[in-house]
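J.: Before anything else, here's the structure in question.
Throughout, read-outs are computed from the coordinates displayed, never taken from laboratory work. As the structure is a computational prediction, the values presented were derived from the model and not from experiment. Don't worry about glycine lacking a Cβ; one is built from the backbone with ideal geometry, like all the others, and counts go over all protein chains shown.
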2 protein chains.
Amino acid sequence: MPKERCFANVFAVTCLKMTRLFSVYCNRLQKDMSVSKNTRKKSQNSITIVDVAREAGVSYSTVSRVFSGFEFVNGDTREKVIEAANRLGYVVNLQARSLAGGRSNIIGLLAPGIDNGYISEIVSGIDQELARSNYDLMLYTTHRYAGKEAFYVKSIANGLVDGLILIVPLITANYIQALPSQDFPYVLIDQTDSMPHSSSVDATNWQGAYDATNYLISIGHRRIGFITGQLQLSSSTERLDGYRAALQHHHIAYDESLVALGDYQTKGGYAAGQQLINLPQRPTAIFASNDLSAIGAIEAARERGLRIPNDISFVGFDDIPQASLAYPKLTTVRQPLVQIGQVAVRLLLEKIDDPEKEARRVTLSTELIIRDSCAPPHG
Amino acid sequence: MPKERCFANVFAVTCLKMTRLFSVYCNRLQKDMSVSKNTRKKSQNSITIVDVAREAGVSYSTVSRVFSGFEFVNGDTREKVIEAANRLGYVVNLQARSLAGGRSNIIGLLAPGIDNGYISEIVSGIDQELARSNYDLMLYTTHRYAGKEAFYVKSIANGLVDGLILIVPLITANYIQALPSQDFPYVLIDQTDSMPHSSSVDATNWQGAYDATNYLISIGHRRIGFITGQLQLSSSTERLDGYRAALQHHHIAYDESLVALGDYQTKGGYAAGQQLINLPQRPTAIFASNDLSAIGAIEAARERGLRIPNDISFVGFDDIPQASLAYPKLTTVRQPLVQIGQVAVRLLLEKIDDPEKEARRVTLSTELIIRDSCAPPHG
DNA sequence: ATCGGGTTTGCAAACGCTTGCAAGAATTGA
DNA sequence: TCAATTCTTGCAAGCGTTTGCAAACCCGAT
């Protein structure tokens with residue numbers, strides 16, 4: 001009997017191996033594609049608290065305490081442990097820690113993508129602040145998960161990260177609802193619509209747009225075109241409102257034909273720019289809802305043979321790095337992007353440290369940066 | 001004796017307390033900064049395989065098998081399990097999985113920062129390819145860890161990630177040596193110097209520079225300035241070599257004064273540009289080692305009152321998004337950045353699937369993109 | 001029916017760490 | 001000096017998975 005079983009088993013295993021390759025393709029569930037001589041064991045040589053404990057001559061719980069918190073540990077013991085750890089090159093295993101209930105010291109960032117000056121500036125801020133607090137960053141891009149937000153967020157928030165930062169979430173509610181618990185820490189940046197109990201960070205969009213428009217008016221413009229962002233975003237409508245308010249304040253009639261739909265992208269700005277420039281009575285200045293749109297619109301103007309700013313002026317919004325690299329250097333409304341990222345992290349860490357903490361909304365102020373893309377109309 | 005010991009201890013403890021705040025900063029080991037009334041418990045309501053197992057009426061190992069591998073599972077059982085999992089909203093806990101020896105399905109990306117068109121394009125490529133393979137991304141920025149690479153990498157690679165991609169690592173060896181095991185999977189992008197047994201991805205730097213220089217010569221330029229990158233990077237010296245080779249090929253003497261040191265940044269490019277422009281015999285064209293430098297140099301030229309391309313021509317390298325947004329649109333050598341990212345991921349996943357796999361080096365080809373920043377010298 | 005083979009399933013032991021509990025040590029106050 | 005405290009330390013029980021091993025099962029062939 002033993003002998004037969006052996007044979008059986010050997011055969012079974014062989015079969016198993018042979019059919020694995022095939023079953024990989026058949027199986028509809030997400031799974032591990034590995035087949036071959038993959039050594040499943042994680043590197044053996046990894047040093048654990050047990051090793052450190054042995055080296056230091058204490059129990060492993062003591063080692064854990066030294067590394068994970070402020071529990072009482074005798075100074076000498078602590079020294080001994082740290083020394084032993086250094087000697088051995090010990091590094092905590094984050095998975096184990098967070099499995100066991102501790103923190104992972106990782107926060108998740110959910111963004112549409114980072115190939116965009118606006119977002120990468122914010123990410124820089126986040127990164128800086130995180131580094132200061134000994135946290136790491138997990139980057140999740142959303143663009144291709146339309147419709148699966150719930151599942152997506154669930155798997156993100158399921159253990160791995162201590163908190164989440166959402167940048168420009170188009171369908172905020174979908175995300176929020178998927179969070180594993182009522183008070184899972186998260187912060188919104190540039191949210192769609194103000195969620196009542198959410199922490200969030202944004203900038204004075206209305207005021208910024210008002211200032212920019214006001215500036216154009218002050219140097220003599222009366223026909224001022226406006227290029228919107230994606231209108232689902234509240235930043236976008238706020239900017240539009242600011243623009244209208246400034247016009248109204250100066251008793252300039254609001255002319256709907258001067259408002260062109262954009263999408264916060266260069267292409268959309270280009271199209272909107274064309275539309276405005278081709279107007280029978282062309283505007284003398286165009287205020288775009290963000291720098292990318294402005295750059296697109298400028299291109300449209302240039303193609304039409306217009307000189308900037310002599311023939312037509314432009315103002316952008318955001319002050320992404322490209323704004324000052326563009327030619328002519330773009331006059332724009334600066335959002336403190338890096339700072340926005342930093343503040344978001346601070347709010348988030350606050351909330352992680354104390355889940356009871358009330359949600360807060362922080363609005364940072366914008367600033368008009370005057371560069372070379374504006375001039376009074378017609379000489 | 002006891003008494004002395006007491007004193008000693010009291011003193012030790014006091015010292016300890018007083019120095020804690022300080023030690024937080026000093027301590028090289030990462031630790032949890034939290035103090036307060038932090039409820040350490042993770043959300044209770046999380047669904048585990050055990051719940052799914054109960055719901056489906058099978059054992060938890062079966063559930064595990066359904067979600068993690070190709071072990072034999074009866075079709076019906078599988079269905080039942082999946083259904084139960086969906087009903088309950090089960091999501092695998094990555095920490096537990098990877099602790100238990102499975103994969104984390106996370107790869108780490110080590111980059112100097114992402115606030116830079118070059119890198120964020122590559123990251124986009126990485127992201128795309130990773131999404132396709134069901135992997136997630138952990139982002140580590142390096143700039144502030146000078147001198148601690150070893151510790152840093154160790155903590156990264158210790159369990160959490162299945163593999164690592166290093167972008168432009170200035171001190172590659174330091175990183176590589178810190179990897180937890182001889183064959184921990186990693187891929188280099190744009191490495192410093194070719195590490196013998198490393199997988200890496202790069203572009204035809206030499207050829208690209210040769211082509212660009214050749215192009216300038218072909219439209220009539222003879223005095224061609226060159227702005228270098230950081231010379232530690234092999235990409236940088238390769239480009240310089242390509243430039244020299246093209247000159248030589250056309251029997252143009254290499255003039256050291258026409259080579260200015262840059263650093264791949266706009267500022268450095270600006271300074272180098274000034275230096276070249278102020279030369280007693282000004283070059284009629286400048287080839288910058290990357291687009292950012294070119295943009296900086298263009299600014300320097302413009303400040304000097306030169307018209308581009310009429311008075312002086314410029315060529316860049318990389319073709320980052322800004323290159324086509326700049327004015328005039330920059331003629332440049334395109335690197336397939338997105339593709340570089342994608343290939344890196346593919347190499348990495350290959351290696352993860354089969355650690356025995358030989359390291360490979362992939363070199364993608366560059367392409368000269370002619371736009372508006374070049375013209376024949378002097379009309 | 002019964003047997004032998006492969007196929008499914010379940011059990012239990014990790015993985016490395018945190019933390020409640022309790023015992024031991026040191027300190028304090030009387 | 002002794003009890004009452006306050007510190008320290010160790011033990012052991014998880015955390016949610018994976019996976020080797022072994023028992024149970026199913027099926028066709030005898």
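J.: Using modelled amide H (1.01 Å from N, peptide plane; none on Pro or chain starts), what sits under 5 Å from the amide H of A:G225, excluding residues fewer than 5 places away?
T.: For A:G225, whose amide H was placed from the backbone, the distant partners under 5 Å are A:T284, A:A285, A:I286, A:F287.
J.: Need one number for the range B:162-263: average projected area of the convex hull over its C-alpha atoms, nm².
T.: On the way: hull surface 28.8 nm².
Mean shadow area of the hull around the Cα atoms is 7.2 nm².
J.: Using 0.36 nm per residue, how much length does the chain from B:S59 to B:H143 gain when fully extended, once their Cα-Cα distance is taken away? Intermediate values should be presented prior to the final figure.
T.: Working: separation 84, 0.36 × 84 = 30.24 nm, distance 4.84 nm.
Extra length available between B:S59 and B:H143 comes to 25.4 nm.
J.: Additional query: Please report, for B:G305, the nm distances (one decimal) from its label point, 7 Å out from Cα along the beta-carbon direction, to the equivalent points in the remaining copies, shortest first.
T.: The projected label point of B:G305 is separated from its counterparts by 2.9 nm.
J.: Let me ask something else about it. For a quick check, take a GNM of chain A with Cα springs below 10 Å and name the residue from A:V50, A:V333, A:V123 with the largest mean-square fluctuation.
T.: Of A:V50, A:V333, A:V123, the most mobile in the Gaussian network model is A:V50.
J.: Then there is this: A:L368's amide H: which non-local residues (gap 5+, or another chain) put their own amide H closer than 5 Å, with H modeled 1.01 Å from N in plane and none for Pro or chain starts?
T.: Result for A:L368 returns A:R334.
J.: Just to be sure I understand: of the beta bridges DSSP finds with both ends in chain A, what percent are antiparallel, rounded to 5? Working shown, then result.
T.: Details: 3 of 37 bridges.
Antiparallel bridges make up about 10 percent of those DSSP assigns within chain A.
J.: In nm to one decimal, list the spacings between the A:G57 label point and its equivalents in the other copies, with label points set 7 Å along Cα to Cβ, shortest first.
T.: Result, one decimal in nm: 6.0.
J.: Using modelled amide H (1.01 Å from N, peptide plane; none on Pro or chain starts), what sits under 5 Å from the amide H of A:V362, excluding residues fewer than 5 places away?
T.: Counting only residues 5 or more places away or on other chains, the set is A:S200, A:V201, A:D202.
J.: Pick from A:I49, A:I119, A:I352: which is most flexible by mean-square fluctuation in a GNM of chain A where alpha carbon atoms under 10 Å apart are linked?
T.: A:I49
J.: Could I ask something else about it? Let me know the charge dipole size of the range B:244-316 about its Cα centre in debye, to the nearest 20, where only the beta-carbon of Lys, Arg (+1) and Asp, Glu (-1) is charged.
T.: Numbers: 6 positive and 7 negative charges, 26 e Å.
Around 120 debye, computed over the range B:244-316.
J.: So, one more: Distances in nm, one decimal, shortest first, from A:N86 to the same residue in every other copy, taking the label point 7 angstrom along Cα→Cβ.
T.: Those label-point separations list as 5.6 nm.
J.: Calculate how steeply helix B:205-218 sits against the longest principal axis of the alpha-carbon atoms of chain B, using the helix alpha-carbon long axis, and give the answer as 0 to 90 degrees to the nearest 10.
T.: Once rounded, one gets 20 degrees.
J.: Now for a different question. If you split all Cα-Cα distances of the protein assembly as shown into 10 Å bins from zero, what percentages do you get per bin, shortest first?
T.: Taking all Cα pairs of the protein assembly as shown, the binned fractions are 3, 12, 20, 22, 20, 13, 7, 3, 1, 0, 0 percent.
J.: Also: Rg and Dmax of the range A:257-328, using alpha carbons, in Å: what are they?
T.: Calculated on Cα positions, Rg and Dmax stand at 10.8, 34 Å.
J.: Once you charge only the Cβ atoms, +1 for Lys and Arg and -1 for Asp and Glu, what is the size of the charge dipole of the range A:133-265 about its Cα centre, to the nearest 20 debye? Please report the intermediate quantities before stating the final value.
T.: On the way: 7 positive and 13 negative charges, 58 e Å.
Its charge dipole is roughly 280 debye.
J.: To test your reading of the geometry: what angle, between 0 and 90 degrees and rounded to tens, separates the Cα axis of helix A:291-303 from the longest principal axis of chain A?
T.: So the inclination is approximately 50 degrees.
J.: So which of B:K267/B:K329; A:K351/B:K80; A:K154/A:K357; B:K148/B:K351 end up more than 30 Å apart, counting from Cα to Cα?
T.: In this structure, A:K351/B:K80 exceed 30 Å between Cα atoms.
J.: When averaged across all projection directions, what area in nm² does the alpha-carbon convex hull of the range A:99-226 cover?
T.: Values: hull surface 40.7 nm².
Result: 10.2 nm².
J.: Could you give me the ³J(HN,Hα) list for the range B:108-125, computed from phi with Karplus coefficients 6.51, -1.76, 1.60 and θ = phi - 60°, whole Hz, x at Gly and Pro?
T.: x, 10, 10, 9, x, x, 10, 8, 5, x, 4, 5, 6, 5, 4, 4, 4, x
J.: Additional query: Please work out, to two decimal places, the log10 of the ratio I(q)/I(0) at q = 0.21 Å⁻¹ from a Debye calculation in which every Cα of the range A:149-207 carries one identical scatterer.
T.: Computed log10 I(q)/I(0) values: -0.77.
J.: Mind checking the mean number of beta-carbon atoms from other chains within 10 Å of the Cβ atoms in B:105-112?
T.: Per-residue shielding by partner chains comes out at 1.
J.: Then there's this: Evaluate Rg over Rh across the range A:255-379, taking Cα atoms for both radii and Kirkwood's formula for Rh.
T.: On the way: Rg = 17.9 Å, Rh = 15.8 Å.
Computed over Cα atoms, the ratio is 1.13.
J.: Same structure, new question: Run the helix sum for chain A: -39,500 (n - 2.57) per DSSP H stretch of 4+ residues, divided by residue count, reported at 222 nm to the nearest 500 deg cm²/dmol. Intermediate results must be reported in sequence, preceding the final value.
T.: Numbers: 14 runs with 171 residues, N = 379.
For chain A, the value works out to -14000 deg cm²/dmol.
J.: A further question on this structure: Test of understanding: in a Gaussian network model of chain A with alpha carbons linked when under 10 Å, which of A:F226, A:F184, A:F314 would top the mean-square fluctuation ranking?
T.: A:F184
J.: In addition: Quick one: divide the alpha-carbon radius of gyration of chain A by 2.2 N^0.38 Å and tell me what you get. Numbers along the way, then the final one.
T.: Values: Rg = 28.3 Å, N = 379, 2.2 N^0.38 = 21.0 Å.
Ratio of Cα Rg to 2.2 N^0.38 Å: 1.35.
J.: Oh, and also: Please give the helix A:2-26 orientation as an angle from the longest Cα principal axis of chain A, in degrees from 0 to 90, rounded to the nearest 10.
T.: Taking Cα atoms only, the helix is inclined about 0 degrees.
J.: For q = 0.20 Å⁻¹, what log10 I(q)/I(0) does the range B:247-288 give under the Debye formula with an equal point scatterer on each alpha carbon and no solvent?
T.: Log10 of I(q)/I(0), two decimals: -0.65.
J.: Of the listed peptides A:320-332, B:250-262, B:54-66, what is their order by residue-averaged count of other C-beta atoms within 10 Å, with the highest listed first? Please list the in-between numbers first.
T.: Numbers: A:320-332: 22.5, B:250-262: 14.6, B:54-66: 18.5.
Peptide ranking by packing, descending: A:320-332, B:54-66, B:250-262.
J.: Further question: Per residue of B:151-160, how many C-beta atoms from partner chains lie within 10 Å of its own C-beta, taken as a mean? Intermediate results must be reported in sequence, preceding the final value.
T.: On the way: counts 3, 1, 1, 5, 5, 3, 3, 11, 10, 9.
Other-chain Cβ atoms within 10 Å of each residue's Cβ, averaged: 5.
J.: Next question, about the same structure. For A:T363 and A:Q232, calculate 0.36 nm times their separation in residues minus their Cα-Cα distance, and state this gained length in nm to one decimal. Numbers along the way, then the final one.
T.: Numbers: separation 131, 0.36 × 131 = 47.16 nm, distance 1.93 nm.
That pair, A:T363 and A:Q232, stretches by 45.2 nm at full extension.
J.: Please give the average number of partner chain Cβ atoms lying within 10 Å of the Cβ of each residue in A:95-104, rounded to a whole number. If you can, show how the numbers build up before the last one.
T.: Numbers: counts 12, 5, 4, 7, 9, 4, 3, 4, 6, 3.
Per-residue shielding by partner chains comes out at 6.
J.: For the range A:283-326 and the range A:92-122, what is the centre-to-centre distance using only Cα atoms, to the nearest Å?
T.: Here the two parts' Cα centres lie 36 Å apart.
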